[in-house]
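Q: Let me give you the structure first, and then I'll get to my questions.
The values are calculated or read from the model by the stated rules, or taken from the named source; none is laboratory data. Note that the structure is a prediction, hence the values are computed from the model and not measured. When we count neighbours, we look across all protein chains shown, and the Cβ atoms used for this are built from the backbone with ideal geometry, even at glycine. Each accessible area value is taken on the protein alone, full model and side chains, heavy atoms only, with ligands, DNA and RNA left out. Shrake-Rupley method; radii C 1.70, N 1.55, O 1.52, S 1.80 Å.
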Amino acid sequence: MEMPSKYNPEHIEDKWYEHWMKKNYFHSEPDDREPFTIVIPPPNVTGVLHMGHMLNNTLQDVLIRRARMQGKNACWVPGTDHASIATEAKVVNKIGKEGLSKEGLGRDSFMEHAWEWTHKHGGIILEQLKKLGASCDWERTAFTMSDSLYESVIDVFIDLFEKGLVYRGVRMVNWDPDAKTAVSDEEVIHKELQSKLYYLNYQVEGEDSYITIATTRPETILGDTAVCVHPDDERFVGFHGKKVIVPLVNRSVPIITDDYVDREFGTGALKITPSHDVHDYEIGIKHKLTSIDIFNDDGTMSEEAELYIGKDRFAVRDEILVDLEKSGNLLKTEDYVNKVGFSERTNAVIEPKLSLQWFLKMSEFGEAALDVVENGDIKFHPPMFKNIYRHWMENLRDWNISRQLWWGQRIPVFYLPDGQFVVAKTAEEALQKAKNELLLGDLNIADLKQDEDVFDTWFSSWLWPISVFDGIRNPNNKDIEYYYPTNDLVTAPDIIFFWVARMIMAGNEYRKEIPFKNVYYTGIVRDKIGRKMSKTLGNSPDPLDLIKQFGADGVRIGMLLTAPAGNDLPFDPTLCEQGRNFSNKIWNALRLIKGWEVDNNLVQSENNKLGINWFDARFNKAVIDIEDHFSKYRISDALMTVYKLIWDDFCSWYLEIVKPAYQKPIDLATLATTIAYFEKLMKVLHPFMPFISEEIWHLLDDREEGNDIIIESMPVATGFNNSIIEEFTLAENIIVAVRSIRKEKSIPQKESIEILVKSSGMRDFGYFPVVSKICNATSIDFVDSKPDGSIIFTVGAQEFYIPISSNIDIEAEIKKLEEELKYTNGFLISVNKKLSNDRFVNNAPAAVVAKEKKKQADAEARKEVIESQLADFRK
């Protein structure tokens, strides 16, 4: 059957993925082999594939496929995160369109809707990953709300509570009024906004004088319980110990002093609202101030605000300014740029708010988690992220682990009628505990009320490398003993504290062992002009559309070609086009080889032997380089080495060397060796381009059932002679020079030429047969001087001549040589300048100086040749 002229990935990709799945190649069970484990950073269960996922999961698949081919027991665990805030918001929105509300439904009925939503929309992203070629162990797919992972979270909370590491308290939190829950500092995105600074007069109690404060949030004056000035600020010394009247509510509050106050900001006097500002809260504790919570959970004004009750906080801002102006308290307004916190999940403006929450003491975990990174037990790639990690770990704050949501693992705390509480897995266990430990024998289960809150999503994710193997509930099971610690984690640096640090803490606490050995940090995928790709900006292509257009292999190559660890990826769809072109290049190489006829009686030529010897050395060197890149997690560099090995060395050089003349046969030995090389190339390519490599593997030879490249052994370098590579590089340079002359002189390739070599040490050069074939040279002979009527060219300092016919444009040749002489003279001046600099010569590495001297010698030789050529033309 004739092969298509172009590679068509769509059918081929579906065919091979289905085949791999049917063969169960992705599944792993503990055995005697060395394990190689990766756990996927779990995407949101209702999420869809975006470019960041594409990059992250391509990298993971490269690592896992390579390990599988190295004979390791490769296990890549997929799964999804229940994403409390995002999922609950979607469900609330969905039932709202049906005329229902969360509160109206009640918890049990709402949870049924949430599960229905999750079953309908959940897992779509995992199906999309299959299109990319992700070779995950789908039988092990995990979900943070599944029974085993849910129970693991509950068990860990109870354990930490019993160790005295969990407590409940009122603290200032980041409150999301849309989601009606607290969010962590890391889930707050700060945006610079053009705001206003309002100057307000507070009358001093019992006097006609005023003290002026400046604020960006005039609506919060309703919660003011003090005005604060710096103790050393001479402007306010006369106000010390006095009181002021809060405008509109006419509340009398003290003027206090604290060196926290920035004397340069605003007027130097600061209004203090302990319930709605982090710093005010700290000052409030220090000075024992009253806290007035003026906001409801939805961002409307509470009863305690006294005014504007039930109105939205931003509507009140406009309204209160009118009233302040009427009352004579608004002095002036100025433009002001400030940073405002927004919820990462809902984009609502965050409200600092005092709230009763559950916290985990982090000081107990920090030192050990920092040590394993500092001492190299866990390696970061690139290492620069150790500094960010260290900063986080040295500035730990207690973790607010409760969220005011229903979708998630419900906190296993049960409150008793007298205000006491017990911590237990079930209400039945809680009742028994209350009776036994608190001696409340008359209590019944109806008297217990479970905490309404659920855990922060990250409180389940931090257990991920352990819980996916059921290592919390069954700490000695065969899976956790075999697969843990995992090998590599591939993730984004923006969750270095969110997730990476906390997984390390959980590993130390519950396995007494690190959770992974290496962390590879990806960069952010950006568009051509440097903007982060997002749906909001409309600059993010649909990954599935890219796969349809360029093939999964093409997209994988496009993502990886410019994605060094930790560096942002400037993505352009033309990179995927480059990947598709690479697929076509490989496909055309196969078509070329498949078109050769074999003569079993033909003896292998010297030319072919030379090509084979060179490519063998080149291949083994590349394998060593690839291994070195992988060992340093330079995956993009490893791909580029494979890319050049196939495109340049194999397709552009090796096949040119060994391909038979038009309509001529090839010898059996060369063909067999060529096919063997092609097979090896497909093996090193497979982790990067799994589909085309598997297809070509089966087209190169008739394979027995189960002889698939996905489970073949990765080639190992057998050593090589570097002098062969160096010698061939000289042959390449000669061939390139001859091709250039053919182009300049319009000498067609089919017209044979003679090549003359000036007598030198090149008489023993072994690659002249290759030069002769590729250059279509009838002969290569040695001469003592330049023959008349010949073109001279140099490779390094070596002169070569090509006799040519007399019908050439002498003037054009002279002009060309004069331009070349001008360039060479300029180059020589710059090199001489560098070498005449004693500081450079004395301080630069010897190899660098030697390189510059070689440049000087070659340029001088080239100048001499050009001048000689010009002299000949001018005779």
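Q: List every residue pair whose Cβ atoms lie under 8 Å apart, where the two residues are 6 or more positions apart in sequence or sit on different chains, the first residue falls within region 564-582 and is assigned to a loop (DSSP other than H, G, I, E, B), and the second residue, located anywhere, is among the β-branched types (Val, Ile, Thr).
A: Taking only residues 6 or more apart or on different chains, the pairs are Ala565/Thr522; Ala565/Ile635; Gly566/Thr522; Asp568/Ile524; Asp568/Val525; Phe571/Val525; Phe571/Thr562.
Okay, residues lined up against (1) among the hydroxyl-bearing types (Ser, Thr, Tyr); (2) within 21 Å of Lys332 (Cβ to Cβ); (3) touching a strand residue (DSSP E or B) at 6+ places or on another chain (Cβ under 8 Å); (4) modelled with pLDDT under 95:
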{"position": "Arg263", "(1), (2), (3), (4)": "no, yes, no, yes"}
{"position": "His279", "(1), (2), (3), (4)": "no, no, no, yes"}
{"position": "Leu289", "(1), (2), (3), (4)": "no, no, yes, no"}
{"position": "Arg317", "(1), (2), (3), (4)": "no, yes, no, no"}
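Q: Would you please name the residue that is farthest from Asp456 (Cα to Cα), looking only at residues in region 161-205 that are open to solvent by 20 Å² or more (accessible area, probe 1.4 Å) and assigned to a helix (DSSP H, G or I)?
A: Glu162
Q: Right, another one. Can you list residue pairs whose Cβ atoms sit under 9 Å apart, with the first residue in region 38-59 being part of a strand (DSSP E or B) and the second being charged (D, E, K, R)? Count only pairs 6 or more apart in sequence or on different chains.
A: These pairs meet every condition: Ile38/Asp488; Asn44/Asp81.
Q: For residues in region 646-694 being of a type in the set (D, E, K, R), part of a helix (DSSP H, G or I) and open to solvent by less than 20 Å² (accessible area, probe 1.4 Å), which is nearest to Arg739 (Cα to Cα)?
A: My answer is Asp649.
Q: Just to be sure before I move on: is Lys786 closer than 24 Å to Ser752 by Cα and not small (Gly, Ala, Ser) in the structure I sent?
A: yes
Q: Are there any pairs with C-beta distances below 7 angstrom linking a residue in region 1-26 that is closer than 19 Å to Arg591 by Cβ to a residue that is open to solvent by 70 Å² or more (accessible area, probe 1.4 Å), with the two at least 6 apart or on different chains, and if so which?
A: Sorted first by the residue in region 1-26, then by its partner, the pairs are Met3/Arg591; Met3/Lys594.
Q: Among the numbered conditions (1) surrounded by 12 or more Cβ atoms within 10 Å (Cβ to Cβ); (2) assigned to a helix (DSSP H, G or I); (3) not charged (D, E, K, R), tell me where Phe720 comes up short.
A: Exception for Phe720: condition (2).
Q: Is it true that some residue in region 593-611 is modelled with pLDDT of 95 or more, touching a strand residue (DSSP E or B) at 6+ places or on another chain (Cβ under 8 Å) and buried (at least 23 other Cβ atoms within 10 Å of the Cβ)?
A: The answer is yes; a qualifying residue exists.
Q: Could you pull out the residue among Phe827, Phe840 that is farther than 29 Å from Ile792 by Cα, free of Cβ contacts under 8 Å to residues at least 40 places away in the same chain and aromatic (Phe, Trp, Tyr)?
A: Phe840
Q: Ok, one more. Which helices (runs of 4 or more DSSP H) sit wholly inside region 436-509 and have at least 1 residues that are open to solvent by 30 Å² or more (accessible area, probe 1.4 Å) and out of contact with any Lys or Arg (no Cβ under 7 Å at 6 or more places or on another chain)?
A: The helices (runs of 4 or more DSSP H) meeting that bar are 478-483.
Q: With Ile445, Ile411 as the choices, which residue is in contact (Cβ under 8 Å) with a residue 24 or more places away in the chain and β-branched (Val, Ile, Thr)?
A: Just a single option satisfies the conditions, and that option is Ile411.
Q: Then there is this: Can you find even one residue in region 797-804 that is of a type in the set (Ser, Thr, Tyr) and open to solvent by 60 Å² or more (accessible area, probe 1.4 Å)?
A: no
Q: While we're looking at this one, here's another question. Can you tell me which residue in region 843-875 is most open to solvent (accessible area, probe 1.4 Å), limited to those that are closer than 13 Å to Thr794 by Cα and without any contact (Cβ under 8 Å) to a residue 40 or more places away in the chain?
A: Here the residue is Glu864.
Q: Within region 23-53, which residues are among the basic types (Lys, Arg) and either within 14 Å of Tyr483 (Cα to Cα) or buried (at least 18 other Cβ atoms within 10 Å of the Cβ) (or both)?
A: Arg33
Q: Follow-up. Please go through region 372-390 and pick out each residue that is open to solvent by less than 30 Å² (accessible area, probe 1.4 Å), hydrophobic (A, V, I, L, M, F, W, C) and either in a helix (DSSP H, G or I) or modelled with pLDDT under 95 (or both).
A: Val372, Val373, Phe385
Q: A follow-up question, please. Report yes if Thr346 is of a type outside the set (Lys, Arg) and not in a strand (DSSP E or B), otherwise no.
A: So Thr346 passes the test.
Q: Taking Ser785 as the residue in question, decide whether it is under 30 Å from Lys745 (Cα atoms), free of Cβ contacts under 8 Å to residues at least 60 places away in the same chain and open to solvent by less than 60 Å² (accessible area, probe 1.4 Å).
A: no
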